[in-house]
Structures are given as C-alpha cells and as structure tokens.
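K.L.:
I'd like to ask you about the structure that follows.
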Amino acid sequence: MVLDVAISNLTAPGVLAFALGMVAGARGASLRLPDAITGGLSMYLLLAIGLKGGEAIRASSPGELVAPAIATLALGVTAPVLAFAAARRLGRIAVPDAAALAAHYGSVSIVTFTAAIVAVDVAGLTSEAYLPALVAILEVPGIAVAILLAHRHTGGRLGPALTEALTGKSVLLLAGGIVIGAVASPAALDDAAPLFVGLFPGLLALYLLDLGAATGARLSDVRKFGAFLFGYAIAMPIVLGALGLVAGTAAGLSTGGIAVLAVMAASASYIAAPAAVSIALPAANPALSMTAALGVTFPFNLLVGIPLLLWAAQALGT
C-alpha cells in the first residue's frame, strides 16, 4: 500500500517537474522563472486555495469547524515550541537562528499543502473542503509563537514582526480568498472556475519547476551547515507529522483530512516565515533556515513525507 501511494505521488506532474528543476539546478543549468512570474504564481496559488476553502466554509455548518480549528491551533502553538527546543538543546544553535527555524517549521508550506491535496485525490480519497481555512489558522500562530520565543530570550522587535505575520502578503491572500469564496455567489465562482480550478494543476507544476531549480542550487549549502541541520530537517517533519496525525484523528477528520493536516504540520514555510523573520530576527542567518526548509524538508516531504503520512492515515482508519 505505501509503495503504491509513493509511486502515485512520485509520478504526479508537479513532483516530476520539481525533480526536473532540482536536477537542472544542481548541475548549474537553472530553470528558474523570472521573479515577477514566480511572484504572480505564488499569489495565484494562495488566492485559488483560499477561494476553494471559503466556498467550502459557506457550505459547512459552524459545528463542523470547531474541533478541527482547535486541533489546528494546538498544532500551531506546539510545533514552534518543539522546533525551537530541538534547535537549542540538541543543536546548540543560537537563539535568533533557533527562533527562525521555529518560525519556518511552525508555519505552513502552501505548496506542500497543495501537493498533499493532489496526492489524496490521486489515492481516491476525499478530504474536507474547508482545509484551506485550517492553513490560515496554522500559519499565523506558528510564526507568532516563534517570534515570542525569540523576544523572551533576546528582547527583539516584537510589534513590527507580529504585524508582518498577521498582515503579510501570503496571509492576506489566503484569508482574503477565503472571505471572497465565502461571500461570492455560486454563479460568480463558476465563472471563475476555468482560471482558479481548471488551470490550477498546470500552474502548480510550473511553480514546482521553479522551486526545484531553487532547491537544486541550494544543495551545496546542506553540506556547509553540517550533519545536524540535515538531520533536523528530516526529523522535524516526521515528529510534527506524527502530531498532525494525532490531532487530525482527535478532531474527527476523514482519512484524507487527517493525511493533509499531518502534511501541513510536517511542512516548513519558505514564503511567509522568511518575511516575518527578516523583521523580527535581523541577527538570524536566513541561509540556515531556508536551507533546512527549502533544501531538505520540502523535497523530503514531496518524495517521502506525503506518501508516508498518507499511508499512516489510511492505516489509522483501518
């Protein structure tokens, strides 16, 4: 079963595009897209996911969302605390860098989340349509708690950083898309479906191609930061993904929903978190957290984490 899930995920167009970009980037033949196109694609993905989540929220009863929201919020608080403690106590990493890692691993990779949704669909499972709303619930607390941890140890700039976490582009697009999807008429959403639904898989594959090229170019940084960072970037998604499985099961999610929530917990942000960290923790080395999140954890989740967590969710449901 786990082999079938892994094969399905590994042969998805988006994953194959990521692998192509990573190989090219590692060999110096970068397939990076222009920054303007990459920025536009990230905005498109966030808005499209938000629209889908908002539409689902409108069709859901408030009672359905209470337990999943509480479970997700608990993950958003727990994940950065664990990530910070592991970096400090096991890696002896300085406070600013440990807090930066906590912000990245406490937050969410929206592209990994999207890949998990696709993998669940390919596996023939259904998942709760309101899951994009849980991304917003997990995104902000993960960053905020990491910033608070750093402030507690160093007295950094708390207010501006929390403002960035709450009003950053990724959060605004995701939350704004959810609101639009919740209040727009069904007919209007149907008119927009060719762009936000029909083109979604192809544009996701194009975005993953660019991320693969960026990841391949960073592979040499993994060796530079040593064995601990590599081990940390592999261990954290496994530990946090297991917590996500527990949280999803406790919240009463479907098998597909449990898998997606676990992947959300296992992922590491490389869009929202760096923006907040650059303000809150100017002393932190951005290459450290970005190498871990994008150079190791992101490909690990695409190639191993998603099929493993999907298999685990299915095993829990049997």
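K.L.:
Looking for whichever is outside any helix (DSSP H, G or I) and either at pLDDT 85 or above or under 28 Å from Leu310 (Cα atoms) (or both) here; the options are Leu211, Leu253. Which one fits?
P.N.:
Leu253
K.L.:
Going by the structure shown, is Pro307 surrounded by fewer than 22 Cβ atoms within 10 Å (Cβ to Cβ) and of a type outside the set (A, V, I, L, M, F, W, C)?
P.N.:
Answer is no for this residue.
K.L.:
Restricting to region 141-162, and then to whatever is modelled with pLDDT of 75 or more and of a type in the set (Val, Ile, Thr), can you tell me which residue is nearest to the chain's Cα centre (by Cα)?
P.N.:
Once the filter is applied, the top-ranked residue is Ile143.
K.L.:
Please find, within region 258-283, the residue that is surrounded by the most Cβ atoms within 10 Å (Cβ to Cβ) out of those that are over 17 Å from Ser107 (Cα atoms) and modelled with pLDDT under 95.
P.N.:
Here the residue is Ala283.
K.L.:
Same structure, new question: Name the residues in region 187-206 that are over 22 Å from Ala115 (Cβ atoms) and either open to solvent by less than 80 Å² (accessible area, probe 1.4 Å) or among the aromatic types (Phe, Trp, Tyr) (or both), would you?
P.N.:
Hits for region 187-206 are Ala187, Ala188, Leu189, Ala192.
Results for (1) farther than 23 Å from Arg92 by Cα; (2) over 16 Å from the mean Cα position of the chain (by Cα), shown as yes or no for each residue.
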position	(1), (2)
Gly244	yes, no
Thr249	yes, yes
Gly256	yes, yes
Ala259	yes, no
Ala262	yes, no
Leu294	no, no
Phe298	yes, no
Ile306	yes, no
Trp311	yes, yes
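K.L.:
Between residues in region 34-58 that are farther than 15 Å from Ile178 by Cβ and residues that are at pLDDT 80 or above and open to solvent by 40 Å² or more (accessible area, probe 1.4 Å), which pairs lie under 7 Å by C-beta distance while being six or more apart or on different chains?
P.N.:
Hits for this filter: Leu41/Leu203; Leu41/Leu206; Tyr44/Leu203.
K.L.:
Mind listing whichever residues of region 17-33 are closer than 20 Å to Leu199 by Cα and part of a loop (DSSP other than H, G, I, E, B)?
P.N.:
Leu33
K.L.:
Only one of these conditions is not met by Gly231: (1) surrounded by 15 or more Cβ atoms within 10 Å (Cβ to Cβ); (2) at pLDDT 80 or above. Which number is it?
P.N.:
So Gly231 meets the others, but not (1).
K.L.:
Still on this model: Can you run down the residue pairs with Cβ atoms below 6 Å, 6 or more apart or on separate chains, where the first is in region 304-318 and closer than 19 Å to Thr114 by Cβ and the partner is of a type in the set (Ser, Thr, Tyr) and in a helix (DSSP H, G or I)?
P.N.:
Ala313/Thr255
K.L.:
Shifting gears a bit: Within region 289-301, which residues are aliphatic (A, V, I, L, M) and at pLDDT 85 or above?
P.N.:
Ala292, Ala293, Val296
K.L.:
Run Gly181 past the list (1) open to solvent by less than 40 Å² (accessible area, probe 1.4 Å); (2) within 19 Å of the chain's Cα centre (by Cα) and report the number of the one that doesn't hold.
P.N.:
In the conditions (1) open to solvent by less than 40 Å² (accessible area, probe 1.4 Å); (2) within 19 Å of the chain's Cα centre (by Cα), Gly181 misses (2) alone.
The values are calculated or read from the model by the stated rules, or taken from the named source; none is laboratory data. Bear in mind that the values here come from a model prediction, so they are computed numbers and not experimental data. Note: ideal-geometry Cβ built from the backbone for every residue, glycine included; neighbour counts use all protein chains shown. Each accessible area value is taken on the protein alone, full model and side chains, heavy atoms only, with ligands, DNA and RNA left out. Shrake-Rupley method; radii C 1.70, N 1.55, O 1.52, S 1.80 Å.
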